[in-house]
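The values are calculated or read from the model by the stated rules, or taken from the named source; none is laboratory data. This is a predicted model, so every value here is computed, not measured. Cβ: placed from backbone, ideal geometry, glycine included. Neighbour counts: every protein chain shown. Only protein heavy atoms, including side chains, enter the accessible area calculation; ligands, DNA and RNA are left aside. Shrake-Rupley method; radii C 1.70, N 1.55, O 1.52, S 1.80 Å.
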Amino acid sequence: MKLQAVKGTHDILPDEQARRRQVLDAVERVLERAGARAITPPMFEYSEVFDKSVGESADLVVQKEMYTFEDRGGRQLTLRPEFTAGVLRAFIEHGMHTLPSPVKLWSTGPLFRAENVQRGRYREFQQVNLEIVGLPHALADAEAIQLMYAALTACGLRNHHIRLGSVGDPEDRASYNAYLREQLGPRSGDLSEASQERLRLNPMRVLDSKSDGDQALLAGLKRPFDMLGEAARAHFDEVRRYLDAWQVPYEVDPAIVRGLDYYRRTAFEAHYQGIGAQSALGGGGRYDGLIERLGGPALPGVGWAFGLERVLDALEQEGAAPGADARPALFLVPLDDEAVAEITTWAIELRGRYRVEHAYQPRNPGKGLREADRSGAAFAALRGSQERDQGVVQVKHLASGRQAAVAPSELGAFLDRELAEGLGA
Ligand code: HAM
């Protein structure tokens, strides 16, 4: 058998690394400036951590999407399918409730779900995740949404949009679920198999069905949003007032139902047209009660996560240029043996500030310049006996062909000046 990567996993190739890093750097800046601190929970946890948090009707459970295995001591472990459960377990374990409130924690790294693979839906993928713990007020929901929008904007996206809804308080959900059971129960035989299971476990999730038949049965029925209690409705209105005041664009979506059970009240998603059927870049919401369920204090929380691969796909659709740091600033070409030793010394010095590459053997100028071109460098510098006699290197701006003789000790200052003028781009 030919060895290949497992279906639904990807090698992140060198060409993709710079864009990923750029996105993560941009997001880190937005989140850290808002007071969030990084936390990295382990890649696997006792299965209970996820079993207790995601809920028995979550897709992760119903569709058996968790990678669960037994270790040698006979304990059930699960590869993390999301961050929220592990981050909150860590929050409780390290007594972070004593920190000034709210506690904002952000994470990034790989996650694992045994999904049906398609564009935007993989078995190993990466999220950026934020949790804001400790505030029951709508202000925290609004801040979370604002930060999600700002983080996606900082990645370089232009055409993302936020959908905002509410799944209500537990009693609103209970009455909506009772309503759906009443409406759909008599016709449940006409529902898809997955939706019949959802109707049994958490009827609200039927709304998320991709089946046309299911959607036809739902047409004309009320949405969770139409049955919100007074408190949840007031909370929702307040979230909107903040977002309006901050001019965060969003649209109200009365049919938002999330794939995880722990949400209450505010639920939101960020979407993007043009990345296939999986148009959700990210999603989140409020999850009061979850920390208690995991054995911690009765603290409220709100958070979100977006999928890095989907954001990168969207950026590609927008034709965003890859980062300039993916390319060397300078490619040094030795024209004789003595120059090999010289240019390697300069390269090591210049690498304190710039990406610098070089040929490893003497080249003739034509071949050296072609090599420099292929590396994508902004500048090439040639050094041979003639340059040595004059105490310089011949520097060439590869895009324009413009040349200059520069003293080796001045190369750093030369690059500072030239690249500041945007010639590196
Ligand atoms: P989620 O909606 O399950 O929420 O995932 C959030 C995002 O992760 C999705 O919108 C999508 O972009 C990405 N994603 C999920 N599954 C896959 C997959 N199989 N392949 C590629 N991308 C995927 C959560 O995970 C919640 N923990 C978010 C949250 C944080 N809620 C409160 N705090």
Reported set for region 258-268 where residues are under 18 Å from the mean Cα position of the chain (by Cα) and open to solvent by 30 Å² or more (accessible area, probe 1.4 Å) is Arg258
Any residue that is open to solvent by 50 Å² or more (accessible area, probe 1.4 Å), within 10 Å of the ligand (Cβ to nearest atom) and at pLDDT 95 or above - is there at least one of those in region 78-96?
no
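A quick yes/no check of all residues on (1) open to solvent by less than 60 Å² (accessible area, probe 1.4 Å); (2) at pLDDT 90 or above; (3) among the polar types (S, T, N, Q):
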| residue | (1), (2), (3) |
| --- | --- |
| Ala178 | yes, yes, no |
| Leu184 | yes, no, no |
| Ala194 | yes, no, no |
| Arg198 | yes, no, no |
| Asn202 | yes, no, yes |
| Glu230 | no, yes, no |
| Ala234 | yes, yes, no |
| Trp246 | no, yes, no |
Output the qualifying pairs, or none if there are none: Cβ atoms under 8 angstrom, residues six or more apart or on different chains, first residue in region 296-308 and within 17 Å of Gly284 (Cα to Cα) and touching a residue at least 40 places away in the same chain (Cβ under 8 Å), second residue within 12 Å of the ligand (Cβ to nearest atom) and among the basic types (Lys, Arg).
Pro300/Arg286; Gly301/Arg286; Val302/Arg286
Any idea which residue in region 295-316 is nearest to Leu139 (Cα to Cα), counting only those that are open to solvent by 30 Å² or more (accessible area, probe 1.4 Å) and part of a loop (DSSP other than H, G, I, E, B)?
Leu299
Only one residue in Ser53, Ser57 is at pLDDT below 95 and away from the ligand (no atom under 13 Å from the Cβ), so which one is that?
Ser57
Give me the pairs: first residue in region 97-122 and under 27 Å from Arg310 (Cβ atoms), second residue open to solvent by 70 Å² or more (accessible area, probe 1.4 Å) and polar (S, T, N, Q), beta-carbon distance under 9 Å, and six or more apart or on different chains, which are they?
Ser107/Thr40; Thr108/Thr40; Gly109/Thr40; Ala114/Gln63; Glu115/Gln63; Asn116/Gln63
Exception for Glu292 within (1) part of a loop (DSSP other than H, G, I, E, B); (2) free of Cβ contacts under 8 Å to residues at least 60 places away in the same chain falls at (1)
Which ones in region 258-284 are near the ligand (Cβ under 6 Å from one of its atoms) and assigned to a strand (DSSP E or B)?
Ala280, Leu281, Gly282, Gly283, Gly284
Please find, among Val54, Val61, Val49, the residue that is in contact with a helix residue (DSSP H, G or I) (Cβ under 7 Å, 6 or more places away or on another chain), open to solvent by less than 70 Å² (accessible area, probe 1.4 Å), under 30 Å from Val206 (Cα atoms) and free of Cβ contacts under 8 Å to residues at least 12 places away in the same chain.
Val61
Filtering region 1-10 for residues that are loosely packed, with under 10 Cβ neighbours inside 10 Å and within 15 Å of Leu308 (Cβ to Cβ) leaves a count of 0
Scope region 269-290; condition under 13 Å from Asp313 (Cα atoms), open to solvent by less than 10 Å² (accessible area, probe 1.4 Å) and over 14 Å from the mean Cα position of the chain (by Cα); matching residues:
Ile275
If Tyr67 satisfies every condition in (1) touching a Phe, Trp or Tyr at 6+ places or on another chain (Cβ under 9 Å); (2) open to solvent by 30 Å² or more (accessible area, probe 1.4 Å); (3) within 25 Å of Val133 (Cβ to Cβ) but one, which is the exception?
(3)
Go through region 97-121 and report how many residues are of a type in the set (A, V, I, L, M, F, W, C) and open to solvent by less than 20 Å² (accessible area, probe 1.4 Å).
4
Going residue by residue through region 129-136, is there one that turns out to be farther than 30 Å from Ala245 by Cβ and either within 14 Å of the ligand (Cβ to nearest atom) or in contact (Cβ under 8 Å) with a residue 60 or more places away in the chain (or both)?
no
